[in-house]
Amino acid sequence: QTQLVESGGGLVQPGGSLRLSCAASGRIFRINNMGWFRQAPGKQRELVALITSVGNINYADSVKGRFTISRDNAKNSVYLQMNSLKPEDTAVYYCNADVAYRDYYSYTNYWGQGTQVTVSS
């Protein structure tokens, strides 16, 4: 059983920074795409940033220039550095990953439990 465990959320003032971390554990053969999504109260879950296994990256327009996604394949981990945070960034942030447990035909999509990020003065 694969698990994604997030950490790093919290309360920060506008203009501040936070760094989210997500580590995959369990039986892992290979991880393909890894990403971060967020869901604010009353809104749909949306993609924040995505990074492929070879390092190709996509960002939501709303976070470009402020957020940076990275990954450490040796640690099966993905990170999200969030700078210049705004109140509208307030949401529960979820880690997401496509994990193969046995071979290239055994990919399953997994979600973390979510971590709260609150941007407020």
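Can you tell me the FRET efficiency between residue 2 and residue 43 if r is taken as the Cβ-Cβ distance and R0 is 35 Å, rounded to the nearest 0.05? It comes out at approximately 0.80. Taking the protein heavy atoms of the chain in the context of the full set of protein chains, the accessible area attributed to carbon and sulfur is 46 percent at 1.4 Å. When all alpha carbon pairs of the chain are counted in 10 Å bins from zero, the resulting P(r) reads 14, 47, 29, 9, 1 %.
Mind checking the log10 I(q)/I(0) for the range 1-68 at q = 0.27 Å⁻¹? Debye, one equal scatterer per Cα, no solvent, two decimals. Summing over Cα pairs of the range 1-68 leads to -1.42. Summed over the residues of the chain and divided among them, the accessible surface reaches 54 Å² per residue at a probe radius of 1.4 Å.
Here the extension length gained between residue 32 and residue 109 equals 26.7 nm, from 0.36 nm per residue of separation less the Cα-Cα distance.
The values are calculated or read from the model by the stated rules, or taken from the named source; none is laboratory data. For clarity, every value in this text was computed on a predicted model and none was experimentally measured. Cβ: placed from backbone, ideal geometry, glycine included. Neighbour counts: every protein chain shown. Quick note on the areas: whole protein, heavy atoms, side chains included, nothing else; ligands and nucleic acids left out. Shrake-Rupley method; radii C 1.70, N 1.55, O 1.52, S 1.80 Å.
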